[in-house]
Amino acid sequence: MNYACNIYLQFKGGFLKKLISIITPIYNEKDVLEIFFNEIEKCFVKINYEYEIICVNDGSTDGTFDFLKTKSNKNDFVKVINLSKNYGKEIALTAGIDNANGDAVIPIDCDLQDPVSVIPLLIEEWEKGFDVVLAKRVDRSSDSFTKRYTSKIFYNLIDKISDVQIPSNVGDFRLMDRKTILALRGYRERSRFMKGIMASLGFKQTTVEYKRAPRVAGKTKWSYWKLYLLALEGIVSFTSLPLKIWSYIGASVAFGAFIYGAFLIIKTLIFGIDTPGYASLMVVFLFMSGLILLCLGVIGEYLARIFIETKDRPLYIIDEKVNFNSDEK
């Protein structure tokens, strides 16, 4: 009995390698995948950990899925989730997290702008007892000036108005241990801003800094319009200030109207009635109409998300899973 117990403790504490789940959402990235897999393999040759790469094919149309299936048939560590259509990166990342079995999980883009060489640094901090290890970009010179500038504006804005403190220059690239992932799986909202959701979890955190690299191949799938929509999602999902602010705007406009009305009454009593001006009337009318429509637009953004949530549809539909055991999620 004691012998069996000792064997169990040795096996549990010393001989079993910890499993790291690498999660990468993929949309039309066939050109870069071979380089990505080679870099991951080189990285884990140097460190004493088991690993799996969970590739979430998000409706690619360039032969990415066929390449991933071929790769997974040759390599047990490559696992593929093929979504039924293109859901977007936030949902694809969620699908990967839902199916990860590692002791720690690392989301990373396959374009290698987030260098694979940072992964051992993340693991090192995790082994010190941190539940979440953030990867912070301290040099983004590989990004365009417009992207860097708009990103800075967004993080400054959301830091001031959000109920959750979202770290600046920190993307999805980070390490999260098992208990953090289990907590993250409980967040099932359909309008998802993963950086905000992950920031809201808490737990013991630290940061590793790195220099962002250029893409090794292919072209980015993120247009400025998509980045704007993602930023809007983050603001609407993590603060109600846009709704509250209209109470103050309405009160200010009403107070101004009261003052102006009092001025007109006094003016009429003293100087009599003069001919009203068409131009000034139209200016006031158009200004108020614009405010009302803008207010309705803000309300509509929140109402649309309530509508989406009440439908209670699945976050995603998986068409096929490759290299997953039957007992795995």
Of 172-185, 64-77, ordering from highest average Cβ density within 10 Å down gives 172-185, 64-77
Does anything in the range 169-196 have its amide N under 15 Å from the 7 Å Cα→Cβ label point of Ile47, and if so which residues?
173-178
Accessible-area ranking of Tyr210, Tyr87, largest first, probe 1.4 Å
Tyr87, Tyr210
Quick check: residue separation of Leu303 and Tyr187 times 0.36 nm, minus the Cα distance between them. What number comes out in nm?
39.8 nm
How much length is gained if the chain between Phe324 and Lys85 is pulled fully straight, taking 0.36 nm per residue apart and subtracting their Cα-Cα distance, in nm to one decimal?
84.0 nm
Estimated dipole of the range 17-86 in Debye, rounded to 20 [Cβ of Lys and Arg +1, of Asp and Glu -1, Cα centre]:
260 debye
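The values are calculated or read from the model by the stated rules, or taken from the named source; none is laboratory data. All values reported here derive from a predicted model rather than from experimental measurement. Ideal geometry is used to build each Cβ from the backbone, glycine not excepted, and the neighbour counts take in all protein chains shown. Just so you know, the surface numbers come from the protein's heavy atoms only, side chains and all, with ligands and any DNA or RNA stripped out. Shrake-Rupley method; radii C 1.70, N 1.55, O 1.52, S 1.80 Å.
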